[in-house]
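Below you'll find the structure, written out as structure tokens, and then a few comments.
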Amino acid sequence: MSDKKARNAMWGGRFASGPAAVMEAINASISFDKKLYAQDIEGSLAHSKMLAAKGIITAEDQRKISEGLITIRSEIEDGKFEFSTRLEDIHMNIEARLAELIGPTAGRLHTARSRNDQVALDMRLWVKQELTRTAQALKQLITVFIDKAEAHAGTVMPGFTHMQAAQPVTFGHHTMAYVEMFGRDLSRVRDALARMDESPLGSAALAGTSFPIDRHMTAQALGFREPTRNSLDSVSDRDFALEFLSIASITATHLSRLAEEIVIWSTPQFGFVRLSDSWSTGSSIMPQKKNPDAAELIRGKTGRVSGHLIGMLTMLKGLPLTYSKDMQEDKESVFDAAETLDLMLAAMTGMFSDLNINEEAMRRAAGAGFSTATDLADWLVREAGLPFRDAHHVTGRAVAMAEERKIGIEELPLADLQALNNAITQDVFNVLSVENSVKSRISFGGTAPDQVLQQIAYWRARLDNA
Ligand code: ARG
């Protein structure tokens, strides 16, 4: 069988022009890495200026290169640039166009550089920019949450464990729990940004270069703290992208847990919150319905974001140093995670700020399920001197009694409570109301409104420099 026949029989049918077309299709990244055009041009401008400053190219050639690159940038931004799959990626598309514009001088730009350090640079610049945007979005989200928490520092709701009402808390306290999570996400962004603040440019293909380049100069021009220290690592490291995806995944997971709560809270059965019309949709068949689609989509998109993290970890795990073409697969996941996370953060910010809180429903639910049982036990320890285990036992019997009569423990007659333990006095009823229960949780970080207001003050002060 000839080669040609074998090809056609196996897979040739779909590709009229034979294996070259398939190779081009699998090899090309231009359809997605064109997103890097601005970073690529910025890197090339800095590189060419450094080459001229070090006498590696002439000032005249540098001027032509700069002019050409700036023209190309406008062509791309005006939608006039013709991207070609044959030219594989953004780096070669720009260089080929530069040659059309300024002739053979274009070829001098790639002195002391390789696409390997070029793409490592472009991606770092892109991820740095995206993380800076993420930090801004997180700060906006946190601000909205702090405002909501302040408005509801005294709004009592049930606190849950195992999704069973456990002890009364306040909605402000619950909201501030998310501020803590998003605050850690923000600090992860800052840490990652500090770590990725090193320029790989000038590492060339993998070993560095024999030209007398100045990597400190390009690092500075491109806004990096310093150049990377090992050329092999520089062209093969994608930690910065992994860190971005991991921050995105953790943040998305936080958003998703809250989204899940909003879905639950907005059911008629809970009725804790009502979504504004702008953040819900109706049903085409059931007129009574108001669906929490934005919350569901935030929850749903989380799987996609964390999938990108796993994808990138898996792509990298078997790669020997240094560059392999597998690494071209680092881009779509990062771009998609970034776009998805931006959207999720914006949606949660808008939805949460518009959220209507049904204080009455929350309060009612807070009192259900013997949620102040722990308060009774604590009272017995504090006021009657019982060991906690004994107090727990007495309380258990009080709960059983109330359950049997289908009433709350606060509704049990004093005489019946005294039959369980004769040290109990009228004073016990002060701790059995949900308001008093919440007010009594004054330990640092607890749910007492005063504590929540302290947490709010802490975050307001801290957010300015976060
Ligand atoms: N498009 C490539 C990528 O994104 C650029 C680097 C190509 N380097 C190479 N040695 N083939 O990874």
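Which ones in region 302-322 are within 16 Å of the ligand (Cβ to nearest atom) and buried (at least 21 other Cβ atoms within 10 Å of the Cβ)?
Scanning region 302-322 gives a single hit, Met312.
Beta carbons closer than 8 Å, at least 6 apart along the sequence or on distinct chains, pair a first residue in region 136-159 that is within 23 Å of Thr251 (Cβ to Cβ) with a second that is assigned to a loop (DSSP other than H, G, I, E, B) and open to solvent by less than 10 Å² (accessible area, probe 1.4 Å) for Lys148/Leu355.
All of Arg215, Arg133, Arg190 fail the test of being of a type outside the set (A, V, I, L, M) and free of Cβ contacts under 8 Å to residues at least 24 places away in the same chain, apart from Arg215. Apart from one condition, Ser249 fits all of (1) in a loop (DSSP other than H, G, I, E, B); (2) more than 16 Å from the ligand (Cβ to nearest atom); (3) under 25 Å from Ser333 (Cβ atoms); the exception is (1). For region 435-463, give me each residue that is modelled with pLDDT of 95 or more, hydroxyl-bearing (Ser, Thr, Tyr) and closer than 24 Å to Phe370 by Cβ. Residues satisfying the conditions are Ser443, Thr447. Here Leu309 clears all of (1) free of Cβ contacts under 8 Å to residues at least 12 places away in the same chain; (2) under 22 Å from Phe244 (Cβ atoms) except the condition numbered (1).
How about region 194-224: which of its residues are hydroxyl-bearing (Ser, Thr, Tyr), surrounded by 22 or more Cβ atoms within 10 Å (Cβ to Cβ) and more than 16 Å from the ligand (Cβ to nearest atom)? Answer for region 194-224, where residues must be hydroxyl-bearing (Ser, Thr, Tyr), surrounded by 22 or more Cβ atoms within 10 Å (Cβ to Cβ) and more than 16 Å from the ligand (Cβ to nearest atom): Ser199, Thr218. Going by what's in this entry, would Gly350 be described as without any contact (Cβ under 8 Å) to a residue 60 or more places away in the chain and either farther than 22 Å from Asp33 by Cα or surrounded by fewer than 19 Cβ atoms within 10 Å (Cβ to Cβ) (or both)? The answer is no for Gly350.
Scan region 47-63 and give yes if some residue there is within 16 Å of the ligand (Cβ to nearest atom), open to solvent by less than 70 Å² (accessible area, probe 1.4 Å) and farther than 30 Å from Ala466 by Cβ, otherwise no. Yes, region 47-63 contains a residue that is within 16 Å of the ligand (Cβ to nearest atom), open to solvent by less than 70 Å² (accessible area, probe 1.4 Å) and farther than 30 Å from Ala466 by Cβ. Residues of region 252-301 being in a loop (DSSP other than H, G, I, E, B), surrounded by 15 or more Cβ atoms within 10 Å (Cβ to Cβ) and without any contact (Cβ under 8 Å) to a residue 24 or more places away in the chain, which ones? Across region 252-301, the qualifying residue is only Ser280.
Which of the residues belonging to region 72-96 are among the charged types (D, E, K, R) and within 16 Å of the ligand (Cβ to nearest atom)?
Hits for region 72-96 are Arg86, Glu88, Asp89, Glu95.
Pick from region 323-339 the residues that are in contact with a helix residue (DSSP H, G or I) (Cβ under 6 Å, 6 or more places away or on another chain) and free of Cβ contacts under 8 Å to residues at least 60 places away in the same chain: which of them is most open to solvent (accessible area, probe 1.4 Å)? Looking at the filtered set, the residue picked out is Glu329. Evaluated against (1) closer than 21 Å to Tyr323 by Cα; (2) away from the ligand (no atom under 16 Å from the Cβ); (3) in a helix (DSSP H, G or I), Asp191 falls short on exactly one condition, (1).
For a quick check of your reading of the model, give me the residue pairs whose first member lies in region 386-398 and is open to solvent by 80 Å² or more (accessible area, probe 1.4 Å), whose second is not acidic (Asp, Glu), with beta-carbon atoms closer than 6 Å and at least 6 apart or on different chains. Taking only residues 6 or more apart or on different chains, the pairs are Phe388/Val381; His392/Ala377; Arg397/Leu420. Within region 262-285, the residues that satisfy the criterion of being in contact with a strand residue (DSSP E or B) (Cβ under 7 Å, 6 or more places away or on another chain) and aliphatic (A, V, I, L, M) are Ile262, Val273, Leu275.
Would you tally the residues in region 119-175 being among the aromatic types (Phe, Trp, Tyr) and either over 18 Å from Ile262 (Cβ atoms) or within 16 Å of the ligand (Cβ to nearest atom) (or both)? Number of matching residues: 1. Report yes if some residue within region 331-344 is more than 16 Å from the ligand (Cβ to nearest atom) and more than 27 Å from Pro200 (Cβ to Cβ); otherwise report no. Yes, region 331-344 contains a residue that is more than 16 Å from the ligand (Cβ to nearest atom) and more than 27 Å from Pro200 (Cβ to Cβ). Note on region 98-118: residues that are without any contact (Cβ under 8 Å) to a residue 40 or more places away in the chain and either farther than 19 Å from Gln62 by Cα or within 16 Å of the ligand (Cβ to nearest atom) (or both) amount to 2. Scan region 125-150 for residues that are under 30 Å from Ala46 (Cβ atoms), acidic (Asp, Glu) and surrounded by fewer than 18 Cβ atoms within 10 Å (Cβ to Cβ) and the total you get is 0.
The values are calculated or read from the model by the stated rules, or taken from the named source; none is laboratory data. Small disclaimer: the values here were computed from a predicted structure and weren't measured. All Cβ positions, even for glycine, are placed from backbone atoms using ideal geometry, and neighbour counts span all protein chains on display. The protein model used for the area step is the full one, side chains on, heavy atoms only, and it has no ligands, DNA or RNA in it. Shrake-Rupley method; radii C 1.70, N 1.55, O 1.52, S 1.80 Å.
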